[in-house]
Amino acid sequence: MSEEEAKAAATVPAEKAEKKKKKPPPPPTPAAVATAYLITKTAALGCLGVLESTGTECHVSPFQQTFLKDRALTGKFTLTIRKTAATPAMLADQAWMAEDFFATLNQTLARLVTEEIAMQTFTMTRKDIIDTYGTAVLDESQIPGKKCKIKDEDLLTVACVGQQVLVTVPGTPLAVSNALESCTVDPTQCDWKRLGKKETKVTLKFVATVAETEKEAPVASLLDAPVPKDSLTGGVLTFPEGDNLREGVDAQVAVAAEEAAQVAALAVVSDTAAAAEEEDEEMVVNAFDVKGKIDYTKLVQQFGSQLIDPALMQRLEAVTVGQGRVPFMHRFLRRNTFFSHRDLDTLITNVEKGTPMYLYTGRGPSSAAMHLGHLVPFLFTQWLQQALGCPLVVQMTDDEKFLFKGVYDEKEGDNLNHYAGLTIENAKDIIACEFDFDKTFLFSDLDYVGTMYPNIVRIWKAVTTNTVNGIFGFDGTSNIGKIAFPAIQAAPSFANSFPTVLEANRDSDRLCLIPCAIDQDPYFRMTRDVAHKLVHKKHPLQGKPSLIHSKFFPPLQGATGKMSSSNENSAIFLTDTPQQIHDKIMQHAFSGGQDTKEKQMKFGANLEVDVSYQWLRFFLEDDEELERIGRDYGSGSGEYWSTGKVKARLIALLQELVAAHQERRAKITDDDVRKWMEQRSIVVSK
Ligand code: TRP
């Protein structure tokens, strides 16, 4: 409690004091914060050049004085930019320009502060403001609309920064200070987020400092009369820093467009310059291959998905943990294993409104033995099912594996049945992940495809062979099944592929969320592009499935690429014995530790590349213990100072985990599997 509050509390009866304590009156905005807000807002609008592009709509949310909480000179606000045909490329949907934008914004802020740019305030009617400068200078609460209390003829306070930029001042006029010493935005506290195709939301949090010696005083040039329009630089809201940014981004957009056209085949992601320098193995991520050192940030940029940011994580927490069905967020979320998404925010918004949803994931049964890496999406999906209390469909793509890996033998014939059999074996491992029988439907493509056929045909009609070849790297020599297959993986993204199971027809609004490793994203990019053709016009997401992507589980030999079932020693299988687990980890787990005891104690291990530590991140639930292991091992001191100690911990953990899995799996019969694969409604209204 502040001194003032304490005094106030002392003079009122206890009951009222209680109330007072809960709701202290907001202190007036310090002049320095008001000034910082005004220059941050103008610099942001000026760098983006939103007024220049007359076609762009930009709304600025009301200013929030975050200093109330932490007592620092900080505040935040959000720009909502709506894309129109006239919007320059940089504002369209380039999440990857966010970093450049924040840097440019800070440059501009530094200049404005050091130049002690003049700030002036005056009043003008709203109508005149809109006619002259457009709506972007207005605060969201001032923009004409149903909820807006302000009328056209009302006078608003306008602040003018230098001779260039105008912004309106929300609420009561803010005092302006010339004691500002610095004003910066911290990109890690800010956010650049694309919402759907049309909208970008930029949240800015600024921090200001004031000179200690100078006391806060309003600047001399506070005006009462409007600045004549023609004394402004054409009423154009731009800053020179922004020009560079915009040119840079335009160039990047042009390059990206060219690259996209060239990168026909596999989604090869590599920074050739860096690769040449470091001689790193090239990063390759596509639906069939993952190799090289994976740069996940770059991958997200290349794929055009979004990183899961803290704000989205909070929203996800509210619809999961907040509903009381699970006690806490899954470690895969706490540790950023699931790190990227498409339209997860929009899905949450609709779920909050009560729109029904379901989960869809799958498995290509390529061998009877599943390994630890295969478990990752299913463990997470199981948690999501519980957390969201929703139905789940699991596709077993035995057809895919036959088309890609199947063989034909003159004597024996083909081995299609082999893959059908693997479906049953793999289904047992999936069921052993403890899904909710009443809410889960497992299906084999070979068996269920007929029910999805109308949707498959619609997708075939909407996607050209060139598109599929471009995305997946097929060509004229590929068998026609391969080219047709992506539609079959796409079909379960639409609820009406499950008329019985999800009780859905074409009018259904039921939304789809797909948890998967990021290498599956190409399938769903294709799906999302044609989704609108498969649903009714008012579908909340125009038919698009939402996605949540995981990173890869690293192979034993080193933290690059993903684990493969073909190299026996690169994986721990769900069928391995405790001895096998022990031996594989001891012999093959790549160590980030030093080669001598002395060096290890001096420098500690490189946790990034240490497979044992990375695997613990996937499977050790206890955050505190993980942190301790990381601290000890990374510094070469304490209980877990060495590779041997860390490996021992991992072995014990995995022996326990695999044994528990085997125990659950052993109880599941072929008959049980058949029940999970029976068409029945899994939409339970409980
Ligand atoms: N193609 C995937 C595989 O090879 C299987 C799969 C089908 C899948 N549908 C999916 C994976 C949906 C994730 C989400 O394993």
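Every number in this text was worked out from the coordinates using simple rules, so none of it is lab data. All values reported here derive from a predicted model rather than from experimental measurement. Every residue, glycine as well, gets a Cβ built from its backbone with ideal geometry; the counts of neighbours run over all protein chains shown.
For residue 186 and residue 500, what is the calculated FRET efficiency with R₀ set at 51 Å and r taken between the beta-carbons, to the nearest 0.05? Provide the component values of the computation, followed by the final result.
Values: r = 52 Å, r/R0 = 1.02.
In this case the efficiency is close to 0.45.
For the pairs 147/353; 439/544; 291/461; 298/439, note any where the Cα-Cα span goes beyond 31 Å.
Details: 147/353 21 Å; 439/544 22 Å; 291/461 33 Å; 298/439 36 Å.
Checking Cα-Cα distances, 291/461; 298/439 exceed 31 Å.
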Between residue 648 and residue 669, the two model label points (7 Å from Cα along the beta-carbon direction) sit apart by a distance in nm of 4.4 nm
Once residue 662 and residue 480 are pulled to full extension, the length gained, defined as 0.36 nm per residue separation minus their Cα-Cα distance, is 61.6 nm
Hits in the stretch 321-356: amide N under 15 Å from the 7 Å Cα→Cβ extension of residue 536, namely 355-356
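To make sure I understand, if each residue's beta carbon is the centre and we count other beta carbons within 10 Å, what order do 676, 615 fall in, fewest to most?
Numbers: 676 19, 615 24.
The fewest-first ordering by Cβ neighbours comes to 676, 615.
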Rounded to the nearest 0.05, FRET efficiency between residue 568 and residue 199 (Cβ-Cβ, R0 56 Å) equals 0.70
Here the stretch 424-440 yields Karplus 3J(HN,Hα) values (6.51, -1.76, 1.60; θ = phi - 60°; whole Hz; Gly and Pro given as x) of 5, 5, 5, 4, 5, 5, 5, 4, 5, 7, 6, 6, 8, 3, 5, 10, 10
For the pair residue 149 and residue 110, the simple spin-label estimate (label points 7 Å beyond Cα toward Cβ) gives in nm 4.2 nm
Over 29 Å (Cα to Cα) among 293/602; 401/647; 146/538; 146/537 -> 401/647
For the stretch 295-328, listing chymotrypsin sites (Phe, Trp or Tyr not before Pro) in a DSSP loop whose Cβ sees at most 14 other Cβ atoms within 10 Å gives 328
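Loop only by DSSP, 15 or fewer other Cβ within 10 Å of the Cβ. Give me the GluC sites (Glu not before Pro) in the stretch 524-629 that pass, ordered by residue number.
For GluC sites (Glu not before Pro) across the stretch 524-629 that sit outside H, G, I, E and B with at most 15 neighbouring Cβ atoms in 10 Å, the list reads 608, 621.
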The base-10 log of I(q)/I(0) that the Debye equation returns for the stretch 367-468 at q = 0.23 Å⁻¹, one scatterer per C-alpha, is -1.22
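Taking 0.36 nm per residue of sequence separation and subtracting the Cα-Cα distance, how much length would be gained by fully extending the chain between residue 601 and residue 624, in nm to one decimal?
Result: 6.1 nm gained on full extension.
Can you order the peptides 106-114, 518-526 by their average number of other Cβ atoms within 10 Å per residue, highest first?
On the way: 106-114: 18.4, 518-526: 21.8.
The peptides rank, most packed first, as 518-526, 106-114.
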Rounded to one decimal in nm, the spacing of the 7 Å Cα→Cβ label points at residue 557 and residue 637 is 3.7 nm
